[in-house]
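The following block contains the structure, expressed as C-alpha cells.
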Amino acid sequence: MQIGDCVQVKAYKSDGACYRWWTATVESVGPDELVLVTPLDHLVEASGASWVSKYAIRGYYWPGKWYSLIEAYTPDKNLSEVYVNISSPVEIGDSQVRFTDYELDVSRRPPGEAELLDEDEFQQAAVEYGYSEEFQRACYEVAQEAIELANRWVTRGMPADPT
C-alpha cells in the first residue's frame, strides 16, 4: 500500500457480516500506522442503506490496537469530532482495510471532553454474539484508553481532497 492508493474500508459485525464500507485514499503509511482520508460528500455504503457523508474524514488505523480513530471535518474546515471506534485489530491487505466493530465508541466534540457512547448497543451485541465477561471487561479497558487518547489527540487539520 502506497500514498495515493485507493482502498476499500470494511466494517464487520461480530458474526462476520460486513455492514458498512467506503473507499478511502492512503494519506500516509508506516509499519505501525495507516492514515486514510475521504473527502466531503463521499459515499458510505451499508447493508440496507447508503448515504453521502457531510464530513471529510481522516482515519487512523494501528495494527495490533483494539481501536481506530477518525477526525471528522465540516465543509467550513472545522473539526466536528474525534471519534474512536472500539474494534478488533485492523487487518490491512493490498487494497482493503477491515475490522470487526464491537459497538462501543468514544466521542470528543470540541471544546468538550471525550465520552463513552453506545453502551446499550455494546450490551445488545454482548448478548447477541456471546461476548464473555472477560471480553467485555477488555473492551471497557480499551474504551478507557480511547477516552484518554481522544482527550489528548492533536488533529492535523482538514485533509486535502484526494481526488
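Readers should treat all values here as calculations from the given coordinates under stated rules, not as data from a laboratory. Treat the numbers as computed from the prediction; the structure is a model and nothing was measured. Reconstructed Cβ throughout: ideal geometry from the backbone, glycine too, with neighbour counts over all protein chains shown.
What is the set of long-range amide H partners of THR100 at a cut-off below 5 Å, with H atoms built 1.01 Å from backbone N?
Sorted by chain and number, the residues that satisfy this are TYR12, SER88.
Local charge sum around ARG58 (other residues, Cβ-Cβ under 13 Å, Lys/Arg +1, Asp/Glu -1)?
In short, -3.
Here's another thing I want to ask about it. So which trypsin sites (Lys or Arg not before Pro) in the stretch 14-77 are both in a DSSP loop and have at most 15 other Cβ atoms within 10 Å of their Cβ?
Qualifying residues, ordered by number: LYS54, LYS77.
Gap in Å between the Cα centre of the stretch 120-158 and the Cα centre of the stretch 43-92?
Measuring centre to centre over Cα atoms gives 15 Å.
Can you give the charge dipole size of the chain about its Cα centre, rounded to the nearest 20 debye, using +1 on the beta carbon of Lys and Arg and -1 on the beta carbon of Asp and Glu?
Once rounded to the nearest 20, the dipole reads 500 debye.
Output the 0 to 90 degree angle, nearest 10, between the alpha-carbon long axis of helix 133-152 and the longest principal axis computed from the alpha carbons of the chain.
30
Still on this structure: Quick check: pseudo-label points 7 Å beyond the Cα along Cα→Cβ at GLN96 and VAL29, how many nm apart are they?
1.6
Between the helical axis of 119-129 and the dominant principal axis of the chain, each derived from Cα atoms, what acute angle in degrees is found, rounded to the nearest 10?
Tilt relative to the chain: about 70 degrees.
What aspartates and glutamates could a cross-link reach from LYS77, if we take a straight Cα to Cα line under 16 Å and drop same-chain neighbours fewer than 8 places away?
Correct list for LYS77: ASP41, ASP161.
Rounded if a/c is under 1.5, else prolate if a/b beats b/c, else oblate: with a ≥ b ≥ c from the C-alpha gyration tensor eigenvalues square-rooted, which is the chain?
prolate
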